[in-house]
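**Q** So that we are looking at the same thing, I have put the structure below in structure tokens.
Coordinate-derived values only; no laboratory data. Small disclaimer: the values here were computed from a predicted structure and weren't measured. Cβ placement follows ideal geometry from the backbone for every residue including glycine, while neighbour counts extend to all protein chains displayed.
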Amino acid sequence: MHLKSKEIKESIASQLGKYFMRDGFIYRKTDNEFVSTKGDFVYVFNMLLTTWSDCHTLSVRLYISQKKVEKIYETVLGKSHKLTMGNSIERICKSSDGKEIANTSMAIVLTIPEDIAAAVESLLMFYNEIAKKYYERYQSLLEVDEIINTAPFSHCPAHVGGNFDERCMKGLIVARLVHSEKYEELVQVYDEAIKETMNNESIDNYYKVREYLSYNRIN
């Protein structure tokens, strides 16, 4: 029996729902993800289903959105995907310090209907043993500042993920929001780091954010 992606999503979501709801998550069907809002933080457990010729694969990505950070980012640039940090669950899981990048795969393969039950079991394990710890680790801007604004500055830490230009911009935003004593030092670091993108649009956007942070009151 061939598995259809719609049936897989609906079956998994219905079976996982009761467990996620206990922790205040709701299911967002459009993006096939569970979302929980706690104050200025939004936590996302995203399940990306990809269809291949002979099977389906389910990859989990964990995201965190910080409303104050995204509001400033959108105010300056007029757009935002509203994801402050996040990565594939394997990169988050394999990085004990939140910085080191390890390439591996924890994708779930589904070929027959019976695989759905096993997938649900794996997803619950991912949530309870990996996602919860990740969400709990970052519940304040100070904790976000600690991971996003510490060396190395040559790439995005595993727990931050995303594009490098956004790490530079959002790093500065977070530093200003927490009134970091090393803000001016970070400006110098990111001024040099953003050049490594060799992308004029990214560099222009970075300086727009930096200028906004310099001339506006940030709370």
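**Q** Per DSSP H run of n ≥ 4, the term is -39500 (n - 2.57); total these for the chain, divide by its residue number, and report the mean residue ellipticity at 222 nm rounded to 500 deg cm²/dmol.
**A** Roughly -14000 deg cm²/dmol at 222 nm, from the helical runs in the chain.
**Q** On to the next question. Straight distance only, please: which lysines reach the Cα of LYS208 with their own Cα at less than 28 Å, same-chain residues fewer than 8 apart left out?
**A** Those lysines meeting the cut-off are LYS67, LYS68, LYS71, LYS79, LYS82, LYS99, LYS170, LYS182, LYS195.
**Q** Quick one: putting +1 on the C-beta of Lys and Arg, -1 on the C-beta of Asp and Glu, what dipole do you get for the chain around its Cα centre, in Debye to the nearest 20?
**A** In total the dipole reaches around 660 debye.
**Q** What is the local net charge at PRO152, summed over the other residues whose Cβ is closer than 10 Å to its Cβ (Lys, Arg +1; Asp, Glu -1)?
**A** Taking every Cβ under 10 Å from that of PRO152, the sum is 0.
**Q** Normalised by the residues of the chain, what does the relative contact order come to in percent, with Cα pairs under 8 Å and at least six apart?
**A** Relative contact order here is 17 percent.
**Q** Still on this structure, I have one more. Just add up the charged neighbours of GLU74: K/R +1, D/E -1, any other residue whose Cβ is under 15 Å from the Cβ of GLU74.
**A** Here the charged neighbours net out to +4.
**Q** On to the next question. How high is the relative contact order of the range 76-163, in percent, with contacts defined as C-alpha pairs under 8 Å that are six or more residues apart?
**A** Normalised by residue count, the contact order of the range 76-163 is 46 percent.
**Q** Given the options VAL160, THR197, SER140, identify the residue whose Cα lies farthest towards the positive end of the charge dipole of the range 140-218 (+1 on Cβ of Lys, Arg; -1 on Cβ of Asp, Glu).
**A** Final value for the positive-end residue is SER140.
**Q** Then there's this: Have a look at SER53, VAL174, GLY78 and report the one farthest towards the positive end of the charge dipole of the chain, computed about the Cα centre with Cβ charges (Lys/Arg +1, Asp/Glu -1).
**A** After comparing all options, I get GLY78.
**Q** Please give the net charge around ASP204, taking every other residue with its beta carbon less than 13 angstrom from that of ASP204, where Lys and Arg add +1 and Asp and Glu add -1.
**A** 0
**Q** ASN199 to ASN219: extension gain in nm, 0.36 nm per residue of separation minus the Cα-Cα distance?
**A** On the way: separation 20, 0.36 × 20 = 7.20 nm, distance 3.01 nm.
Residue separation times 0.36 nm, minus the Cα-Cα distance, leaves 4.2 nm.
**Q** Nothing charged except the Cβ atoms of Lys and Arg (+1) and of Asp and Glu (-1): what's the magnitude of the dipole of the range 141-215 about its Cα centre? Round to the nearest 20 debye.
**A** Here the range 141-215 has a charge dipole of around 100 debye.
**Q** Which one, ILE218, GLN66, TYR19, is farthest towards the positive end of the dipole of the chain when Lys and Arg carry +1 and Asp and Glu -1 on their Cβ?
**A** Farthest towards the positive end: TYR19.
**Q** Oh, and also: Please report, in debye to the nearest 20, how large the charge dipole of the range 21-116 is about its Cα centre when each Lys and Arg carries +1 at its beta carbon and each Asp and Glu carries -1 there.
**A** Values: 13 positive and 12 negative charges, 109 e Å.
Taking the Cα centre of the range 21-116 as origin, the dipole is about 520 debye.
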